[in-house]
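Engineer: Handing you a structure now.
The values are calculated or read from the model by the stated rules, or taken from the named source; none is laboratory data. Note that the structure is predicted; figures quoted are calculated from it, not measured. Cβ atoms come from the backbone with ideal geometry, glycine included; neighbour counts cover every protein chain shown.
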Amino acid sequence: MPTALVHGDRKAAREAAESVREEIVAFGGEAITVYGDCADWNDSEALFKTAIDAVPSGGSLGIGEGTYELAAPYSFALDAGGGNIFYCCIPILDKDMHAYGDGVGKTILKLAPWQRSSSRHVAMVMIRGTGPFAPGYSAFSMEGIAFDGNRQYQ
């Protein structure tokens with residue numbers, strides 16, 4: 001059961017939320033929080049970050065059918081000294097969680113045009129722990145999601 005939902009359009013988001021809410025309540029759980037749909041946001045990556053930040057340890061994020069175009073505004077250093085800067089669309093730090101879509105070809109995370117260049121490296125999703133045994137290293141999973149790097153427009 002998802003603890004947060006992201007969906008491509010308002011009607012589908014509302015219907016999915018009500019369906020999942022009914023299932024969770026029927027099993028004695030708490031109602032979920034729906035953060036909105038990408039049609040209402042100018043920057044889908046902010047919606048995803050908000051939803052991921054809200055998922056508790058051991059929770060899940062359901063991503064509805066649709067193509068989500070994401071810019072890469074979040075920077076992170078690969079080197080301990082702060083060097084080798086990369087940018088990402090969706091940063092996930094120290095999260096023990098599961099993210100899933102409606103299926104490959106149905107839920108597509110697509111890199112927005114002109115995000116990557118020879119001097120600006122991009123990873124669509126950055127999953128990492130902030131310590132050597134942090135949960136981000138081994139307790140994260142994704143399924144049913146396609147990633148489109150939009151190579152033609154990079």
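Engineer: Across segment 36-48, which residue is nearest to the chain's Cα centre (by Cα) among those that are surrounded by fewer than 18 Cβ atoms within 10 Å (Cβ to Cβ), at pLDDT 55 or above and of a type outside the set (S, T, N, Q)?
Structural biologist: Checking each candidate, the answer is A46.
Engineer: Moving to a separate point now. Tell me, yes or no, whether segment 85-96 has at least one residue that is out of contact with any helix residue (DSSP H, G or I) (no Cβ under 8 Å at 6 or more places or on another chain) and modelled with pLDDT under 90.
Structural biologist: no
Engineer: Restricting attention to segment 97-131, which residues are farther than 22 Å from L61 by Cα and modelled with pLDDT of 80 or more?
Structural biologist: P113, W114, Q115, R116, S117, S118, S119, R120, H121, V122
Engineer: Quick test for you: out of V104, V55, pick the one residue that is touching a Gly at 6+ places or on another chain (Cβ under 9 Å) and hydrophobic (A, V, I, L, M, F, W, C).
Structural biologist: V104
Engineer: Give me the pairs, please: first residue somewhere in segment 62-80 and touching a residue at least 12 places away in the same chain (Cβ under 8 Å), second residue anywhere and in a strand (DSSP E or B) and surrounded by fewer than 14 Cβ atoms within 10 Å (Cβ to Cβ), beta-carbon distance under 7 Å, and either six or more positions apart or on two chains.
Structural biologist: Filtered contacts from segment 62-80: S75/I85.
Engineer: Which ones in segment 49-67 are under 12 Å from the mean Cα position of the chain (by Cα), polar (S, T, N, Q) and modelled with pLDDT of 80 or more?
Structural biologist: Of everything in segment 49-67, just one residue is under 12 Å from the mean Cα position of the chain (by Cα), polar (S, T, N, Q) and modelled with pLDDT of 80 or more, namely S60.
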